[in-house]
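Chemist: Here it is: the structure, laid out below.
The values are calculated or read from the model by the stated rules, or taken from the named source; none is laboratory data. Keep in mind the model is a prediction, meaning the values are calculated, not measured. Here the Cβ positions follow ideal geometry from the backbone for every residue, glycine too, while neighbour counts run over all protein chains shown. These area figures cover heavy atoms from the full protein model, side chains too; ligands, DNA and RNA do not enter into them. Shrake-Rupley method; radii C 1.70, N 1.55, O 1.52, S 1.80 Å.
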Amino acid sequence: MTVPAPRLLLSVLIAAQLAACSSGIPGAAPAPVAEPAMAERLNAAPTVQPLSPPALAPAAAMAQGAAAKETRMAVMPSPVPAPMPAADQPSNERYGQISDNPVHRVAEAPVSTFSVDVDTGSYSNVRRMLNSGALPPADAVRVEELINYFPYDYALPRDDRPFAVHTALAPAPWNAQRVLLRVAIKGQDVAKQALPPANLVFLVDVSGSMESADKLPLLKSSLKLMVDEMRPVDRISLVTYAGGTQVVLPPTSGSDKATIKSAIDGLRAGGSTAGASGIALAYHAAKDSFIPNGINRILLATDGDFNVGVSDTEQLKKMVEQQRRSGISLSTLGFGTGNYNEAMMEQIADVGDGAYSYVDNLMEGHKVLVSEMTSTLATIAKDVKVQIEFNPALVQEYRQIGYENRQLRREDFHNDQVDAGDIGAGHTVTALYELTLTGARGAIDPLRYGGAATVAAGDAHTDELAHLRLRYKLPGHSASELMETPIRRAALRPLDQTDAEFRFATAVAGFGQKLRGGRYTGGWSYADARALAAGSVGTDRFGYRGEFLRMVDLAQALGK
């Protein structure tokens with residue numbers, strides 16, 4: 001088989017990066033070797049072995065005409081599957097239990113309130129499992145994270161608000177009696193050079209559980225990609241933990257890339273995992289180099305297998321929640337398989353005002369730490385809450401798709417003391433509701449007594465299906481601001497007349513629900529999800545949507 005040139009270059013880079021990291025495995029020669037420039041690495045010519053099924057094909061190259069730097073990054077490595085145990089081997093991976101959001105009758109519970117979520121870790125973790133030849137457990141699939149993995153071409157805000165909000169309506173493809181409501185948020189873009197100085201602390205797990213190639217070696221390669229993008233005004237610290245903790249690199253200017261990379265190259269795996277002590281030391285280091293009015297963030301990179309000291313997720317959450325008041329946020333980067341503790345990774349990022357990502361290959365490392373780092377670092381809106389009041393005169397029932405662990409009480413919406421998710425520069429957030437309109441066949445029988453007065457009250461707004469409200473805080477502010485807009489039934493369109501972004505998000509939502517068992521999608525199949533997605537790929541600049549099609553193929557082949 002002839003290997004296309006871009007794929008050859010992609011494989012060269014990942015081979016070179018992982019070879020550079022091999023010194024991090026115990027017993028290897030300790031002397032770090034100066035890392036060659038990317039162009040030199042790409043010009044190498046090793047033998048390339050074709051991927052064996054069910055590995056995913058590489059993401060498409062970036063669009064022509066991009067800046068020189070983006071053109072170089074278009075030949076980043078393909079999503080090579082990380083080493084995985086055989087599908088029939090026992091796994092100690094831990095996931096938080098998720099129960100699908102139920103159907104609500106509007107006459108009884110007309111208001112839905114939730115926090116936004118920009119995490120994407122569930123998608124890449126699901127991809128890793130499908131690549132290994134195994135279907136994911138239902139609790140590993142958080143549908144909102146699958147949907148929000150993809151960038152969407154939503155319109156930017158046209159006023160001084162930090163983000164724009166858009167809504168759309170169309171029939172659900174898996175049930176003719178249902179209508180989908182999409183709520184789409186698009187954050188204002190901020191150029192990287194316009195960001196305030198960043199104080200970043202890499203908190204790296206170097207315990208024995210991190211020894212395998214898909215953990216510490218991949219982590220080191222990914223971090224070095226980020227180092228290449230740091231500015232002279234940024235400073236980086238490196239804290240490690242295993243049986244003990246250590247500051248490996250004091251605050252160092254982003255201009256001193258050789259020193260930072262040398263410290264990363266020197267990381268070795270071995271020992272137990274005192275994760276809580278590492279978190280405490282990382283916050284101490286972040287405070288020592290705190291930048292007023294700057295970006296102060298900890299990036300915790302681990303498999304989450306804490307086994308020394310505090311290891312209970314609730315205790316760790318309390319520790320992180322207390323520290324976030326200091327103005328230092330925490331994001332988590334998950335690595336590895338077998339003993340992976342995803343439940344802990346996702347939850348401490350949530351309370352740390354950060355985002356959770358899972359890195360299964362170097363392409364994902366580039367996506368998270370380079371392509372989307374501006375969104376990760378630059379928070380444009382904090383504690384973003386969404387509340388929708390449905391009109392009982394026009395809507396019988398509703399069900400939110402995903403966001404199960406982001407639900408809030410109705411009174412939480414106006415309570416500025418209640419924490420919620422943050423939105424970064426350029427972030428897109430998509431939420432979908434499945435509605436049963438008046439006259440359609442519902443899932444729940446109406447109450448025998450009561451409800452008529454509530455329905456009559458909705459008649460005053462006969463053109464409104466619902467009313468949408470959002471609350472958010474500007475960075476540095478303690479009082480929230482309100483946005484609101486009606487959702488009118490005149491916006492309802494046939495599915496094939498909606499934009500590609502609506503159709504693609506719907507396909508991903510259907511795919512995610514089917515992976516979770518398809519409780520609400522009936523006979524809708526993986527083939528149906530693929531057909532809908534294939535017709536709405538669009539320009540697909542980074543190849544993410546094309547990769548999704550191959551993931552659907554893998555799921556269909558595995559059969560569920």
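Chemist: Would you please name the residue that is least open to solvent (accessible area, probe 1.4 Å), looking only at residues in the range 415-435 that are over 27 Å from residue 500 (Cα atoms) and touching a residue at least 40 places away in the same chain (Cβ under 8 Å)?
Modeler: In the first step, residues of the range 415-435 are kept if they are over 27 Å from residue 500 (Cα atoms); the result is 415-420.
Next, only the ones that are touching a residue at least 40 places away in the same chain (Cβ under 8 Å) stay: 416, 419-420.
Numbers: 416: 40, 419: 44, 420: 7 Å².
My answer is 420.
Chemist: If you scan the range 228-238, which residues turn out to be buried (at least 22 other Cβ atoms within 10 Å of the Cβ) and under 14 Å from residue 374 (Cα atoms)?
Modeler: 234
Chemist: Just name the residue that is nearest to residue 111 (Cα to Cα) out of those in the range 346-398 that are assigned to a helix (DSSP H, G or I) and among the small types (Gly, Ala, Ser).
Modeler: Quick first cut of the range 346-398, residues assigned to a helix (DSSP H, G or I) only: 346-351, 362-371, 373-377.
Subsequent filtering for residues that are among the small types (Gly, Ala, Ser) retains 349, 365, 371, 375.
Numbers: 349: 27, 365: 39, 371: 37, 375: 30 Å.
Per the criteria, the residue is 349.
Chemist: Still on this structure, I have one more. Could you say which residue among 253, 272 is at pLDDT 95 or above and either surrounded by fewer than 18 Cβ atoms within 10 Å (Cβ to Cβ) or within 26 Å of residue 351 (Cα to Cα) (or both)? Let's see the steps before the verdict.
Modeler: Details: 272 fails: at pLDDT 95 or above.
Only one candidate qualifies: 253.
Chemist: Under 6 Å by Cβ, and 6 or more places apart or on different chains, what pairs join a residue from the range 436-448 that is under 14 Å from residue 171 (Cα atoms) and hydrophobic (A, V, I, L, M, F, W, C) with one that is open to solvent by less than 80 Å² (accessible area, probe 1.4 Å) and assigned to a loop (DSSP other than H, G, I, E, B)?
Modeler: Qualifying pairs under 6 Å: 440/177.
Chemist: Using the structure shown, decide if residue 279 is open to solvent by less than 10 Å² (accessible area, probe 1.4 Å) and either within 30 Å of residue 417 (Cα to Cα) or over 20 Å from the mean Cα position of the chain (by Cα) (or both). Break it down into steps so the answer makes sense when it comes.
Modeler: Working: open to solvent by less than 10 Å² (accessible area, probe 1.4 Å): yes; either within 30 Å of residue 417 (Cα to Cα) or over 20 Å from the mean Cα position of the chain (by Cα) (or both): yes.
So residue 279 fits the description; yes.
Chemist: Could you tell me whether any residue of the range 224-244 is touching a strand residue (DSSP E or B) at 6+ places or on another chain (Cβ under 8 Å), in a helix (DSSP H, G or I) and within 23 Å of residue 352 (Cβ to Cβ)?
Modeler: yes
Chemist: Within the range 399-411, how many residues are under 30 Å from residue 462 (Cβ atoms) and either more than 25 Å from the chain's Cα centre (by Cα) or in a helix (DSSP H, G or I) (or both)?
Modeler: Final tally of qualifying residues: 2.
Chemist: Do we find that residue 88 is modelled with pLDDT under 95, acidic (Asp, Glu) and over 30 Å from residue 362 (Cα atoms) in this structure? Outline the logic, then answer.
Modeler: Numbers: modelled with pLDDT under 95: yes; acidic (Asp, Glu): yes; over 30 Å from residue 362 (Cα atoms): no.
Taking the combined requirement at face value, the residue does not satisfy it.
Chemist: Something else now. Could you list, in sequence order, the residues of the range 112-170 that are among the aliphatic types (A, V, I, L, M), assigned to a loop (DSSP other than H, G, I, E, B) and in contact (Cβ under 8 Å) with a residue 40 or more places away in the chain?
Modeler: 116, 118, 134, 135, 141, listed by residue number.
Chemist: Kindly list, by first and then second residue, each pair from a residue in the range 348-364 that is at pLDDT 95 or above to a residue that is buried (at least 24 other Cβ atoms within 10 Å of the Cβ) and of a type in the set (Lys, Arg), limited to pairs with Cβ atoms under 7 Å and residues at least 6 apart or on different chains.
Modeler: Note: pairs meeting the criteria are 360/127; 360/128.
Chemist: Let me ask you something else. Can you name the number of the only condition in (1) touching a residue at least 60 places away in the same chain (Cβ under 8 Å); (2) assigned to a loop (DSSP other than H, G, I, E, B) that residue 292 fails?
Modeler: Among (1) touching a residue at least 60 places away in the same chain (Cβ under 8 Å); (2) assigned to a loop (DSSP other than H, G, I, E, B), residue 292 violates only (1).
Chemist: Quick check on my filter: what residues within the range 153-181 are open to solvent by less than 10 Å² (accessible area, probe 1.4 Å) and within 30 Å of residue 438 (Cβ to Cβ)?
Modeler: 169, 170, 172, 180, 181
Chemist: Here's a check for you: in the range 119-143, which residue that is farther than 16 Å from residue 403 by Cβ and out of contact with any helix residue (DSSP H, G or I) (no Cβ under 8 Å at 6 or more places or on another chain) is most open to solvent (accessible area, probe 1.4 Å)?
Modeler: Taking the candidates together, the pick is 137.
Chemist: Mind listing whichever residues of the range 334-377 are open to solvent by less than 10 Å² (accessible area, probe 1.4 Å) and small (Gly, Ala, Ser)?
Modeler: Across the range 334-377, the qualifying residues are 334, 336, 349, 352, 365.
Chemist: Moving to a separate point now. Of all residues being touching a Gly at 6+ places or on another chain (Cβ under 6 Å) and open to solvent by less than 10 Å² (accessible area, probe 1.4 Å) in the range 200-212, which is modelled with the lowest pLDDT? Just the residue, please.
Modeler: In the first step, residues of the range 200-212 are kept if they are touching a Gly at 6+ places or on another chain (Cβ under 6 Å); the result is 203, 207-208.
With open to solvent by less than 10 Å² (accessible area, probe 1.4 Å) added as a condition, the list becomes 203, 207.
On the way: 203: 95, 207: 90.
Looking at residues that are touching a Gly at 6+ places or on another chain (Cβ under 6 Å) and open to solvent by less than 10 Å² (accessible area, probe 1.4 Å), I get 207.
Chemist: So, in the range 90-111, exactly how many residues are part of a loop (DSSP other than H, G, I, E, B), open to solvent by 30 Å² or more (accessible area, probe 1.4 Å) and closer than 20 Å to residue 140 by Cα?
Modeler: Total satisfying the criteria: 9.
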